[in-house]
Amino acid sequence: MYTKKVMDHFVNPRNMGELENADGVGTVGNAKCGDIMRIYLKVEDEIIKDVTFKTFGCGAAVATSSIATELVKGKSIKDALKITNDAVVEALDGLPKAKIHCSLLAEEALHAALWDYSKKHGIDIEGLEPPK
Ligand code: FES
Ligand code: FES
């Protein structure tokens, strides 16, 4: 049911944990399954220097958070915003249909963390919507 990539990121998650002195923190939850995902960002000169996550949720949510941190690390804010849940699913070589919402959580958590960063630092990020 799960691809090798999903299993790898679930069993051996990358960038897991809290980031001390994070510049932005975003927490989102899925009301239906009750899963919670939090993303921590360190931003310098509009570049995401470091990113970690903490996820209380299913294996697919852990895997999507893990791969999402890999995808955005070292990217500019502008490029990080282009990473959608589709890109996350693709990077995992696919997810079962019932687990697509888990990847949406990763996109939402990243955006929420960027929003938090922008508010705390008085920066406007073009195209970024406030978290729901
Ligand atoms: Fe917990 Fe299914 S919701 S095992
Ligand atoms: Fe809800 Fe995975 S089952 S985030």
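No value in this document is a laboratory result; all are computed from the given coordinates. What you see is a predicted model, and the numbers here were worked out from it, not measured in a lab. Every residue, glycine as well, gets a Cβ built from its backbone with ideal geometry; the counts of neighbours run over all protein chains shown.
Miscellaneous remarks
- Debye, to nearest 20: dipole size of region 45-132, +1 on Lys, Arg Cβ, -1 on Asp, Glu Cβ: 280
- Cα gyration tensor shape of region 20-110, rounded if a/c is under 1.5, else prolate or oblate by comparing a/b with b/c: oblate
- Interchain or long-range residues, amide H under 5 Å from Val43's placed H: Asp23, Lys49
- Inter-part distance where region 111-126 and region 1-48 are each reduced to a Cα centre, Å: 17
- For region 22-32, Karplus couplings with θ = phi - 60° (6.51, -1.76, 1.60), whole Hz, Gly/Pro x: 5, 7, x, 10, x, 10, 9, x, 10, 4, 6
- Phi angles of region 93-100 translate, via the Karplus equation with coefficients 6.51, -1.76, 1.60 and θ = phi - 60°, into HN-Hα couplings of 6, x, 9, x, 3, 5, 10, 5 Hz per residue; Gly and Pro are given as x.
- Phi to ³J(HN,Hα) by Karplus 6.51 cos²θ - 1.76 cosθ + 1.60 over region 106-117, Hz, x for Gly, Pro: 5, 5, 5, 5, 4, 5, 5, 5, 5, 5, 4, 4
- The GluC sites (Glu not before Pro) found in region 1-104 that occupy coil by DSSP, while having at most 10 further C-beta atoms within 10 Å, are Glu20.
- Among the listed pairs Lys78/Lys119; Lys99/Lys120; Lys4/Lys99, those with a Cα-Cα distance over 27 Å are Lys99/Lys120.
- Residues whose amide H comes within less than 5 Å of that of Lys75, counting only those at least five positions distant or on another chain, are Ile48 (H built at 1.01 Å from N in the peptide plane).
- Loop-resident trypsin sites (Lys or Arg not before Pro) (DSSP state other than H, G, I, E or B) in region 46-98 with no more than 16 further Cβ atoms inside 10 Å of their Cβ: Lys75, Lys82.
- All aspartates and glutamates inside 15 Å of Lys97 as judged from Cα atoms, apart from same-chain residues fewer than 8 positions distant: Asp86
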